[in-house]
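To keep things clear, I will list the structure first and then write my remarks on it.
Please treat every number below as a calculation from the coordinates, not as lab data. Note that this is a predicted model, so its numbers are computed, not measured. With ideal geometry, Cβ positions are generated from the backbone for all residues, glycine too; neighbour counts draw on all protein chains shown.
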């Protein structure tokens, strides 16, 4: 019985320490969730609503690297395409205005001054 009386304060002390340890060691819910409602700026949430995000994929980048022979200006064609200057680019635009939109990229060869060599150099850069 004397041993029990001597050990009782030791057990009480250990119980107090272990319960205190769990209180201080356990993460609080507020600290555990770093994205709680108090840290999110409501104006930021509103600034992204309704916005379209463009995917950055290889296919969309390839489309951006081509020029439309049906909508591009003579200046754009001359600047973007290899092997033609302003005169040939103007001829492409005049042909398009006279005969309507191109239905096939190969129709470009019907424009005076545009031949197979031009098509080989630029076919990957062209779209309708």
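Structure values in brief
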read-out	value
Residue that is farthest from residue 71 (Cα to Cα) [pool: residues in the range 95-105 that are within 37 Å of the chain's Cα centre (by Cα) and surrounded by 11 or more Cβ atoms within 10 Å (Cβ to Cβ)]	105
The range 106-128: number of residues that are under 14 Å from residue 67 (Cβ atoms) and either in contact (Cβ under 8 Å) with a residue 40 or more places away in the chain or out of contact with any helix residue (DSSP H, G or I) (no Cβ under 9 Å at 6 or more places or on another chain) (or both)	7
